[in-house]
Each structure stands twice: as structure tokens, then as C-alpha cells.
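Beneath this line is the structure, given in C-alpha cells, with notes to follow.
Any read-out appearing in this document is the output of simple, stated calculations on the displayed coordinates, not a laboratory observation. Given the structure is predicted, the values throughout are model-derived calculations rather than measurements. Cβ atoms come from the backbone with ideal geometry, glycine included; neighbour counts cover every protein chain shown.
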Amino acid sequence: MLAETWRVKIVIDDDVIIEHQFVRTLKAVKCPLCELDVKREKIFHEDKWFITLRTENLKGHRERIMIVYKEHEHSIPRKLYERGLDIVSKISRNVFSYTPKAVIMDSTFATINDHWHLVVTDLDPTSEDFDQILATQWVTVVDNTAEEAANRVYSSGAV
Ligand SMILES: [Zn+2]
């Protein structure tokens, strides 16, 4: 994408010419998160800093979404991180309402770990990446049973 290339001719003994092409990377080349084709993806939310969308590869899950920072940055300021986490947690409550629990995974060990993003997935044991989900640190659990449990306690009269 944003790479600078230039050719240099090195002349040796008047007739031997070596041509060499230098490439200097200015920004991540071929970063899939910089090159997201947003027209093709299902977008759940977008603001000035983040975009939340369904992942291209669902890896056998009914839903698998991610929130991506719009700039190619490995880490983001704490306040923005909290904002992103808040956005994706709220969206996940709706998107994953079909299942009791979804997890927001830490991207430290992700394939694309030089561009800030968080993936949210359900816990379908038949999915392609189930072992990997269990081996990954979770930022938090989106627990759709919590509200239900709270309502049960309330309606049974317990304080
Ligand atoms: Zn990127």
C-alpha cells in the first residue's frame, strides 16, 4: 500500500550494470485490517476511532465480530481502549443474544497483532478455533445469563 520503491543502477567496470530495487515501508503493507473492504462486511457500528464488524472468516461460529481501531497502531491510549471495549460489549449483547456467553479475546497473540483490534466469539465447541479460544486470554466475558439471573432473584423475592 504505502511503500516507497526506487531503482538504483550500480555500474561496475563500465559494462556490468546491476539494477536493484529498494523498498521502504512507510506503513504496514498488506495489513488486512488497513485494507478492510467495508462495503463487503456487515458493519455494526462506526465512529471516529473504531469500526465494529463481522469477521470475514467466521471459523465455524454463528457470529464472530471484531472492533478495529481505524489507524494502524499496535496499542491505543487507555481512554480509547475503554471506549472501544464499552462499544463492543454493548454490541455483543445483541449479536450474541442467541448464546449464554461470548468472550472478548485479547489480541496479543493474534495473527494480526500490530494493528489494534479485539475479536468477540461465542463458545461453540465444534468451531474451528475452539482450542485456540481456550488458550487465549480473555479481556472479558459477555454474559447474557447475568441479567436473567438477576431477574430470577428479584422475582423470587430474595434481596
Ligand atoms: Zn493495519
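Ranked for footprinting exposure by Cβ neighbours inside 10 Å, fewest first, H61, H115, H72 give H72, H115, H61. Along segment 69-76 the Karplus relation, 6.51 cos²θ - 1.76 cosθ + 1.60 evaluated at θ = phi - 60°, assigns HN-Hα couplings of 6, 6, 9, 7, 10, 6, 10, 10 Hz to successive residues, with x for each Gly and Pro.
Extension gain, D143-R40: 0.36 nm per intervening residue step, less the Cα-Cα distance, totals 34.2 nm.
If you count Lys pairs in segment 32-150 whose Cα atoms are under 26 Å apart, skipping same-chain pairs closer than 8 places in sequence, the total is 19.
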